[in-house]
Amino acid sequence: MRKAKNPDTPNYKKYGVPLYGSAWAPSVIINDSPQQLDRKPGADEVSGEGSTPSPTSPTYLVFSGGGGEGRSGIPNSLLLAEFDFASNSLSDMPVFKLGTGADLPYRMAVHPGGEGLICSLPKSCNYKMAALVWFQWDEIKTEEVHKQGLKLSEKVLTHLEDAGQQLALTFNNDGSMLAVGGEIQDGNLRVFKWPSMENVLSEAQAHSTVKDLDFSPDGKFLVSLGSGGPGRVWDLTSSTVAASLLKENDEAFGFCRFSQTNDKNQVLYITAARDRGACIVTWNTTTWKKLGSKKIVRDSISAFSVSADGKFLAVGTIQGDIVIVNSASMQVQAVVRQAHLGIVTTMRFSQDSRALVSASMDSSARVTVIKEKKKNGDCDRKGPTEDIIYLGLA
């Protein structure tokens, strides 16, 4: 088995279960006076510009994962961990764990306004059919402890009780809409107003399998990708198809993310697997034509994220590598070789674009910090960083 480089750095931890989902908890749910953790300095850091000063209080991260059905002995659960920017470190153990029994929380979407999170659970003994289940934040206060937790909500998503296994879940930027997409034999795409669950769009067999979804920053459009055929752009005002995104003959689309350029124009990025490697395709969001394509890695892309400020793109690979790309030049800026021992299953930039969380089926979680670049071009790095290859730091 391959060994991860710098496995003992404080920004890299193993939490005991295969991890499939990750997210940064909204800042509105973070305690005013959270517990401070005893941590050692050092973390993966990537040079950036315009990063804000690091806070001294920890930030919550939420992970979903487990061993699924059966008698593997690996529990299914939602986990909360803490990341401390001051010491660049993850908590050694989850600070909270909520078991989900025999139900694997395979897909997860966190409401940006702090209302809670939604999980897609496959068919199990607890749910006769695959279900979407709502969890809410639960502040835990005692004389010794003041922290955040999670609990199963009494809210029942009746419109989605028999929706089948959902492989794609996402809220729009302000949390006023929820989009979900199903797997094989479902392929349905649904968009609802949140929290009323009023139907906005319902398209049967939008794709043979809905693989990924993303809302435009202004909430007017939704892009959906399937396991075959073109990608589709949906106009949510008219609930109709606005455009089809055609693939090249040897392409297979993977992930889609909207972003904004420096001049505040919207842009769409789609990862695509090709015979000679994996690339990121850029699309104009007015004409829905391709603006360009850039090969990023030779291996298949298994996770993708775009920073909220639009400056960075990040991909995770099936070999466990993490690659950071500068969106302005589409040049690779940094590579974390063997960031994980297994496939990178999930990654998310923080809301302030200062850090990237990633996780893997090998049960590991890692945070890569985007550090401010000094005027002389040097990076303000703390601790060991020999597992990162820095490129193009002009």
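For the pair the stretch 226-278 and the stretch 283-321, the centres of their Cα atoms are 11 angstrom apart. Here each label is just a point 7 Å from Cα along the line to Cβ, and for T142 and D250 those points are 6.0 nm apart.
If you count only protein heavy atoms with a 1.4 Å probe, what accessible area per residue comes out for the stretch 139-259, rounded to a whole Å²? Walk me through the numbers before you get to the answer.
On the way: 5520 Å² over 121 residues.
I get 46 Å² per residue for this part.
Applying a threshold of 19 Å to the alpha-carbon distances of K220/K247; K155/K220; K211/K247; K211/K264 flags K220/K247; K155/K220; K211/K264 as lying beyond it.
With every protein chain present, what is the per residue accessible area of the stretch 275-334 (1.4 Å probe, Å²)? Provide the component values of the computation, followed by the final result.
On the way: 2480 Å² over 60 residues.
Per-residue accessible area for the stretch 275-334 comes out at 41 Å².
The percentage of C-alpha pairs in the stretch 199-311 whose separation is greater than 17 Å is 53%. Would you report the distance distribution of C-alpha pairs in the stretch 210-267 as whole percents per 10 angstrom bin, up to the bin with the largest distance? Values per bin, smallest distances first: 23, 50, 25, 2. Between E154 and Q351, the FRET efficiency estimated from the beta carbon spacing at R0 = 41 angstrom works out to 0.90. Taking label points 7 Å from Cα along the Cα-to-Cβ direction, S239 and N265 give a separation of 3.3 nm.
Rg and Dmax over the alpha-carbon atoms of the stretch 306-369 stand at 11.1, 33 Å. A Förster distance of 30 Å, applied to the separation of the beta-carbon atoms of Q331 and M93, puts the FRET efficiency at 0.20. Peptides 187-197, 344-354, 287-297 ranked from most to least packed by the mean count of surrounding Cβ atoms within 10 Å: 344-354, 187-197, 287-297.
Full extension from N284 to N173: what is 0.36 nm times the residue separation minus their Cα-Cα distance, to one decimal in nm? Intermediate values should be presented prior to the final figure.
On the way: separation 111, 0.36 × 111 = 39.96 nm, distance 2.00 nm.
Value of the extension gain: 38.0 nm.
Counting only Cβ charges, +1 for Lys and Arg and -1 for Asp and Glu, the dipole size of the stretch 175-221 around its Cα centre is about 100 debye. For the peptides 107-120, 145-158, the ranking by mean Cβ contacts within 10 Å, running from highest to lowest, is 107-120, 145-158. The phi-based Karplus calculation (6.51 cos²θ - 1.76 cosθ + 1.60; θ = phi - 60°) puts the 3J(HN,Hα) values of the stretch 192-202 at 10, 6, 10, x, 5, 6, 5, 5, 9, 8, 9 Hz, whole numbers, x for Gly and Pro. On average, how much area does the Cα convex hull of the stretch 245-317 cover when viewed from any direction, in nm²? Dividing the Cα hull surface by four gives the mean projection, 4.6 nm².
Between I74 and R298, the simple spin-label model (points 7 angstrom out along Cα→Cβ) gives 2.8 nm.
The values are calculated or read from the model by the stated rules, or taken from the named source; none is laboratory data. The model shown is predicted, which means the values in this text are computed figures rather than measured ones. Cβ: placed from backbone, ideal geometry, glycine included. Neighbour counts: every protein chain shown. Accessible surface areas use protein heavy atoms only, side chains included; no ligands, DNA or RNA. Shrake-Rupley method; radii C 1.70, N 1.55, O 1.52, S 1.80 Å.
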